[in-house]
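The values are calculated or read from the model by the stated rules, or taken from the named source; none is laboratory data. Keep in mind that what you see is a predicted model, and the values were worked out from it rather than measured. As a convention, Cβ positions derive from the backbone with ideal geometry for all residues, glycine included, and neighbour counts pool all protein chains shown. Note: accessible area is taken over every heavy atom of the protein model, side chains too, but ligands, DNA and RNA are not part of it. Shrake-Rupley method; radii C 1.70, N 1.55, O 1.52, S 1.80 Å.
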Amino acid sequence: MFGLIDAALARSRAEAPRLLAELASFDPPDRLARLHADARFASWGLCELLVQRSCQIAPEQASEALHFADLAVHVADMIPGGELFEEQWVYQLQSLAWAAFANARRVQGDLSGAERGFEMSDFWWEAGTAASEDALGYEPILLDLKAPLRTAQRRFPEALKLLDQAVALFLEGQPEQRDPHLAGRSLISKAYVLIEMGDSEAAVQALKKALGLIVPERDPRLLLCIRHNLVDNLSKMGRYTEAADLLPELRALAATQGSAPDRLRLRWVEGRVAAGLGDHDHARQLLTDVRQTFLADGNPYDAALATLDLVIPYLEEGKTAEVRALADEMVTVFRDHDVSREALAALLLFQEAARRETATAALAREVAASLTRACIHSPSPR
């Protein structure tokens, strides 16, 4: 029986790319009707591929990710249980589809909708594993997808527990669960949680461990992500020389694998490193460009964070008038945008210190940390 099931799964997964291409050729409003009108789309492999595509594009295309996840939920509902595939296995597939749907909701900033989605995912997972094991290795994927929601909700211990469980299963679980590459990806998420908790050193160690696990050929951008986060964290920890040593490889990766936003954030890190190494003119050039780009893109949070990096060279040179002007401008920008009270209060604190000429580089970094925490509550996707 298992031989027949394995063969059917292999065949379904092999056919999935062609089915997805055919489904994607229709206009988005027509895809759901087409899906229900053609039994070929009731495909296990197609459902898995829709989930994979949704999770891949979610950071950059949240609406499209939600659309693909919604299609995955419908495909999972169409697959009959009790014939070739056990009913419990279908429930596990439905859990996976709902987790992708919840993940897309989370990226859109709809945390309540994401919570409801994960409740559905948990319901189907419990039904699917009540009398059966994790048949296809979905459990660590589900844990990995839920953790960012707990992070966004600032439930950090729960997020760390989920990610530790995911890493353990990816590395030491049942054969169908093991995937060191995905363990590395979970460690990237863990590093982000640790940063939010203020444990930068542990975050750096998690990122270094992830470097030894990922397979760049499977996801070239993942290596860029790790390298960038590593340099970014080292620069924020004041380890500028160590960060500078890693910049050449990061520049090469950004040139070949990075998008325009990736290269913008690289210039931001380069500016912070230059400031830390005392090259104030180069730092101002880079950080001014980054700040202006964020302002032009209507991104007040990151513009403010880049400004707080920019004021540090001015503060160290005693140029208080420039610091005051930058602080005043960012407060005006915040008041013109729908930003949280917590974020505005953090920036007002720095503005007041700048006007009194008591602002310091340490205060700028403290305010940046407060502003970063406030950003978690904004609807900006990660």
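Of the helices (runs of 4 or more DSSP H) lying entirely inside the stretch 65-155, those carrying at least 2 residues that are within 24 Å of Leu4 (Cβ to Cβ) and open to solvent by less than 10 Å² (accessible area, probe 1.4 Å) are 87-107. Against the conditions (1) in a helix (DSSP H, G or I); (2) among the acidic types (Asp, Glu); (3) in contact with a helix residue (DSSP H, G or I) (Cβ under 8 Å, 6 or more places away or on another chain), Glu366 satisfies every one except (3). Among residues of the stretch 176-200 that are within 18 Å of Arg221 (Cβ to Cβ), those with a beta-carbon under 6 Å from a residue that is basic (Lys, Arg) and part of a helix (DSSP H, G or I) at least six positions away or on a different chain give the pairs Leu187/Lys209. Working only within the stretch 263-319, note down all residues that are over 22 Å from the mean Cα position of the chain (by Cα), without any contact (Cβ under 8 Å) to a residue 24 or more places away in the chain, open to solvent by 70 Å² or more (accessible area, probe 1.4 Å) and within 22 Å of Ala252 (Cβ to Cβ). Passing the criteria: Asp279, His282, Gln285. Flag not set for Glu316, criterion: among the charged types (D, E, K, R) and under 30 Å from Gln61 (Cα atoms).
Is it fair to say Thr307 is touching a Leu at 6+ places or on another chain (Cβ under 8 Å), polar (S, T, N, Q) and more than 17 Å from His228 (Cβ to Cβ)? For Thr307, the condition - touching a Leu at 6+ places or on another chain (Cβ under 8 Å), polar (S, T, N, Q) and more than 17 Å from His228 (Cβ to Cβ) - is met. Do you know which of the residues in the stretch 216-250 that are under 17 Å from the mean Cα position of the chain (by Cα), open to solvent by 30 Å² or more (accessible area, probe 1.4 Å) and of a type in the set (D, E, K, R) is modelled with the highest pLDDT? Here the answer is Arg227.
Take Ala14 and tell me if it is under 21 Å from Trp89 (Cα atoms), in a helix (DSSP H, G or I), open to solvent by 20 Å² or more (accessible area, probe 1.4 Å) and modelled with pLDDT under 95. Full working, then the answer.
On the way: under 21 Å from Trp89 (Cα atoms): yes; in a helix (DSSP H, G or I): yes; open to solvent by 20 Å² or more (accessible area, probe 1.4 Å): yes; modelled with pLDDT under 95: no.
For Ala14, the condition - under 21 Å from Trp89 (Cα atoms), in a helix (DSSP H, G or I), open to solvent by 20 Å² or more (accessible area, probe 1.4 Å) and modelled with pLDDT under 95 - is not met.
The residues listed here are Glu22, Glu87; of these, the one that is under 24 Å from Ala131 (Cα atoms) and free of Cβ contacts under 8 Å to residues at least 12 places away in the same chain is Glu87.
Pairs are defined by a Cβ separation below 6 Å, a sequence spacing of at least 6 or placement on different chains, a first member in the stretch 130-150 that is without any contact (Cβ under 8 Å) to a residue 24 or more places away in the chain, and a second member that is part of a helix (DSSP H, G or I); the pairs so defined are Arg150/Glu158; Arg150/Ala159.
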